[in-house]
Amino acid sequence: MSDIPQPPARTWYVYLVRAENQALYCGISDDPERRFAQHRSGRGARFFASSPAQALVYVEACADKSAALRREIQIKKLPKRAKESLVLALSGPRPTADSGVLSCPS
């Protein structure tokens, strides 16, 4: 064993971006705002080639990249109606003045 301190684990996020045609794109990133900017500039996913990214509508924090990937798969399997419910849950009233980021379920 080593006594060398390990850097703190990086938080990863699952996010949903609404396209111009109202479709929802699900992805993961360690910086969802930066990634959204990439999608908007055309350097992101091919998904936005036919309908540009309009808004970052959902962000969920996960403990690590592995948890974010698992949650991304769960969300991608949801019907659009359920994804819209996630977006509505985040945009509704919150009991505290948080940043609008939910926590990834365990």
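Quick note: the coordinates plus some simple rules give every number you see, no bench work behind them. Because the structure is a prediction, the values reported are computed rather than measured. When we count neighbours, we look across all protein chains shown, and the Cβ atoms used for this are built from the backbone with ideal geometry, even at glycine.
Odds and ends about this structure:
- Cα-only radius of gyration and Dmax that characterise segment 12-89, units Å: 11.7, 33
- Virtual spin-label span in nm between A49 and L78, 7 Å along Cα→Cβ: 2.8 nm
- In sequence order, calculated HN-Hα J values of segment 15-25 (Karplus, 6.51, -1.76, 1.60; Hz; x Gly/Pro): 9, 10, 10, 8, 8, 4, 7, 6, 5, 10, 9
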